[in-house]
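As structure tokens, the structure follows; a few thoughts come after it.
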Amino acid sequence: MITDPHNDQENTDNGKSPDEMTFLEHLEELRWRIIKSAIGVLVASIIVGIFISWIMDNVLLLPATKTVPPLKLQNIKPFGQFTLYMEVIIFGGIILSIPNLIYQFWKFIEPALKPGESRYIKSIVIFSSICFLAGNLFAYFVLLPTALEFFASFGSSIIDNIIAIDEYFSFIISTILAAGLVFELPMISFFLSKIGILKPQFMRKYRKHAIVLILLAAGILTPSPDVTSQLLLAAPLFILYEISIIICKFSQKKKTEEPAEVNSA
């Protein structure tokens, strides 16, 4: 019978501090975090599979019907729709289980955190999940309609835009996932600041350089080449950069306050 010897309370229960964990114990911890993450994705995928018909018709296929003219989608493989449904179920399960994935990641690196920093894990998980969801919503309601409208109206009216269904969904899913990851910039800044790699002074000093890089990134990541959609992606990136500076400053402030609290105690 296999049991999980590395649950969240083990280190305190057996009297061993996180710093005393051996390399093999870290590997065992990683194994269980991966198992728990996989179980979370599996459960979320089952939930997505139950509602797959509604998700396909009312969420993922809906943007193609809103363009002028409406995009025409077609399946050109005998097993195309079956494969497509399976891919949507898996990717949907990953997106739905993002809070659990983030939680398992932070619990794994918890032993490397300084005393007192582990109490922020729940807040980090909630904030990271909100950022990822905000990126998904931004992609679905802003980026995708703009890009698909451009593709539908571009070119000669004599040529019909008939898109293979697998290419359409690959475009939809990749855009949603990419936007979710981009919106994690504040959380990445918080983590890099905590470990001493990133400082708010550095971000302020190179703000102009960051603006240029953001415009370049928007040009590369934007699914459509028109300037409007590129600016639609660049604008939230500017805002996220400024939010990251504030988060960095807050992180540095908490970092300097904690030693003072320890000394006073």
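Do you know which residues across the range 69-128 are among the hydroxyl-bearing types (Ser, Thr, Tyr) and assigned to a helix (DSSP H, G or I)?
Across the range 69-128, the qualifying residues are Thr83, Tyr85, Tyr103, Ser118, Tyr120, Ser123, Ser128.
Residues Ile76, Ile47, Ile95: which one is surrounded by 17 or more Cβ atoms within 10 Å (Cβ to Cβ) and in contact (Cβ under 8 Å) with a residue 12 or more places away in the chain?
One residue alone meets the criteria, Ile95.
Of the conditions (1) at pLDDT below 85; (2) farther than 19 Å from Leu62 by Cα; (3) not aromatic (Phe, Trp, Tyr), Thr146 clears all except one; give me its number.
Result: Thr146 passes all but (2).
Here is a list: Leu232, Leu221, Leu240. Which entry is surrounded by 13 or more Cβ atoms within 10 Å (Cβ to Cβ) and at pLDDT 80 or above?
That would be Leu240, the only listed residue that is surrounded by 13 or more Cβ atoms within 10 Å (Cβ to Cβ) and at pLDDT 80 or above.
Specify which of the listed residues (Leu143, Leu137, Leu133, Leu192) is closer than 20 Å to Val41 by Cβ, hydrophobic (A, V, I, L, M, F, W, C) and assigned to a helix (DSSP H, G or I).
Checking each option against the conditions leaves just Leu133.
Could you go through the range 150-171 and let me know if any residue there is surrounded by 19 or more Cβ atoms within 10 Å (Cβ to Cβ), assigned to a helix (DSSP H, G or I) and not aromatic (Phe, Trp, Tyr).
no
The values are calculated or read from the model by the stated rules, or taken from the named source; none is laboratory data. Note that this is a predicted model, so its numbers are computed, not measured. Every residue, glycine as well, gets a Cβ built from its backbone with ideal geometry; the counts of neighbours run over all protein chains shown.
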